[in-house]
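Below is one structure; the comments refer to it alone.
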Amino acid sequence: MTRWVDSCLAIFPIEAWGDLAGRVAGLPIADAGARTFSRFVFSGAFEIELDRQGRALVPAGLREFAGLETDAVVVGMRDHIELWEPNRWAAYSAEMNSADVLARHLDGLGI
């Protein structure tokens, strides 16, 4: 579990975490953006274990970063899940669901 972009948290299965770590390791060390992303993701990462009821404890620093107090929205992604503070998710998803905003984000992706 780690801090993630857009002020949410990301939980990766170990295989996907290894893939991400490999991709980050392949970034040019001279690139300031690559170093910043690496520090952001890896310095805030915690290995988590599920308890007998399938729950995971979110470390206090990560809860604070994501603004999680009581509730969270779980968003499935391709290779990980994200945990969002409900109001942040509502604002983000409202913007994402705007046809104009979505079109701008898709521009240049080849989709």
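To the nearest 0.05, how large is the calculated FRET efficiency for residue 29 and residue 50 if R₀ is 30 Å and r is the Cβ-Cβ distance?
It comes out at approximately 0.30.
Over the stretch 47-94, what number does the Rg to Rh ratio reach, with both radii from the alpha-carbon atoms and Rh per Kirkwood?
Ratio of gyration radius to Kirkwood radius: 0.98.
With each pseudo-label sitting 7 Å past Cα toward Cβ, what's the residue 37-residue 105 distance in nm, one decimal?
1.7 nm
Can you put 4, 89 in order of Cβ neighbours within 10 angstrom, beginning with the fewest?
Result, fewest neighbours first: 89, 4.
With a cut-off of 18 Å, note down the residues of the stretch 37-59 whose backbone N falls inside the zone around a label point 7 Å from the Cα of residue 88 toward its beta carbon.
Under 18 Å, as judged by backbone N against the label point of residue 88, lie 37-46, 57-59 of the stretch 37-59.
Residue by residue through the stretch 80-86, which ³J(HN,Hα) values in whole Hz follow from phi under the Karplus form 6.51 cos²θ - 1.76 cosθ + 1.60 (θ = phi - 60°), with glycine and proline marked x?
Values, residue by residue: 7, 10, 10, 10, 10, 5, x Hz.
Can you work out D for the chain in µm² s⁻¹ from Stokes-Einstein, where Rh is the Kirkwood radius over C-alpha pairs, the temperature is 37 °C and the viscosity is 0.692 mPa s?
Answer, rounded: 209 µm²/s.
Residue by residue, what Karplus-based ³J(HN,Hα) values in Hz, rounded to whole numbers, does the stretch 94-108 have, using 6.51, -1.76 and 1.60 with θ = phi - 60° and x for Gly and Pro?
5, 5, 4, 7, 6, 4, 5, 5, 4, 4, 5, 5, 7, 4, x
Does a label point 7 Å from the Cα of residue 6, set along Cα-to-beta-carbon, have any residues of the stretch 94-111 with amide nitrogen under 17 Å, and which are they?
Only 94-107, 109 pass the distance filter.
Rule-based calculations on the coordinates, nothing more; no lab input. Computed from a predicted model, the values in this text were never measured in an experiment. Neighbour counts run over all protein chains shown; Cβ positions are idealised from the backbone, glycine included.
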